[in-house]
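All remarks here apply to the structure that follows.
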Amino acid sequence: MILIDNIIVSDEVVEEDFVCNISKCKGACCWEGDYGAPLEDEEKEILVEIYDKVEPYLHQENKNVIAEEGLYKYYDEPKEYGTALMPDGSCVFLVKNEIGIASCGIELAHKDKKINYKKPISCELYPIRIDNNAQNGFINLIYDKWEICSNLCKNDKSVKIPLYKFVKNALIRKFGQAFFDQLDGAANHSKSTK
């Protein structure tokens, strides 16, 4: 475990290697699971603000569900807001290309410079999950091992990237460059002492 300010980083985040092999999983994390991508409070407002620019990237079925259900909802099980889901369980922002690989309508609009918001931070950080512990004031960063991606990605032994480096840009976006530099320094120190 590494502690930086009030952020606890699990050992797996720095010790485990991870590379997303989207050609194998086809973006299954966007359509598997029981609830939508976790959203921070300000992200709910952002989704409302940017939706008119994201809407052209979505399939009509997605637009219909959003019109009926909304962009996000509260999920009782994890006790948090997340993106709304299609009837098949996929995220309402999911679009698939001609060979069935998922992408995010929000991210497509961002790539086309229609919006400044890339996508929910929980999506960019995945497979790291943020667990806010309100009781003790700490934020826990944990590796959410899920067979749909970890088994497929672990099969690719040709590339070895520590998980925290794989999501470097997301960590910097969420916690800042100084946090990432401290984490990287602590991880390198830990590796050199083993």
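Return Tyr117, Tyr72 ranked ascending by Cβ neighbour count within 10 Å, so the fewest neighbours appear first.
Tyr117, Tyr72
Within the set of other residues whose C-beta is less than 12 Å from the C-beta of Pro87, count the net charge using Lys and Arg as +1 and Asp and Glu as -1. Kindly include the intermediate steps, with their values, before the conclusion.
Working: positive: none; negative: Glu61, Glu68, Glu69, Asp88.
So the surrounding residues net to -4.
For the stretch 26-118, how big is the tail of P(r) above 17 Å, as a whole percent of Cα pairs?
Across the stretch 26-118, Cα pairs with separations above 17 Å total 47 percent.
Using just the helices of the chain, give the 222 nm mean residue ellipticity in deg cm²/dmol: DSSP H runs with n ≥ 4 each add -39,500 (n - 2.57), and the total is spread over all residues, rounded to 500.
Details: 10 runs with 81 residues, N = 194.
The per-residue figure over the chain is -11500 deg cm²/dmol.
What is the order of His59, His189, fewest Cβ neighbours within 10 Å to most?
On the way: His59 14, His189 10.
Exposure proxy ranking, most exposed first: His189, His59.
What are the principal axis extents of the Cα atoms in the chain, in Å, biggest first?
Principal extents (largest minus smallest coordinate, Cα): 55, 40, 34 Å.
I'd like the FRET efficiency for Asp88 and Trp146, computed as 1/(1 + (r/R0)^6) with the beta carbon distance as r and R0 of 25 Å, rounded to 0.05.
The computed FRET efficiency comes out at 0.85.
In debye, nearest 20: dipole of the chain around its Cα centre with unit charges on the Cβ of K, R (+) and D, E (-)?
860
Could you list Glu124, Glu61 so that the one with the fewest beta carbons within 10 Å of its beta carbon is first and the one with the most is last?
Ranking Glu124, Glu61 by Cβ neighbours within 10 Å, fewest first, gives Glu61, Glu124.
When DSSP beta bridges are limited to those with both residues in the chain, what percentage is antiparallel, rounded to the nearest 5? Each step should come with its number before you reach the end.
On the way: 19 of 22 bridges.
Of those bridges, close to 85 percent are antiparallel.
Mind checking which of Lys160, Lys63, Lys26 has the largest fluctuation in a GNM of the chain, springs on alpha carbons under 10 Å?
Lys160
Read-outs throughout are calculated quantities, based only on the coordinates presented, and are distinct from any laboratory measurement. Here the structure is a predicted model, which means the values were calculated and not measured. Positions of Cβ are generated from backbone atoms using ideal geometry, with glycine treated the same way; all protein chains shown enter the neighbour counts.
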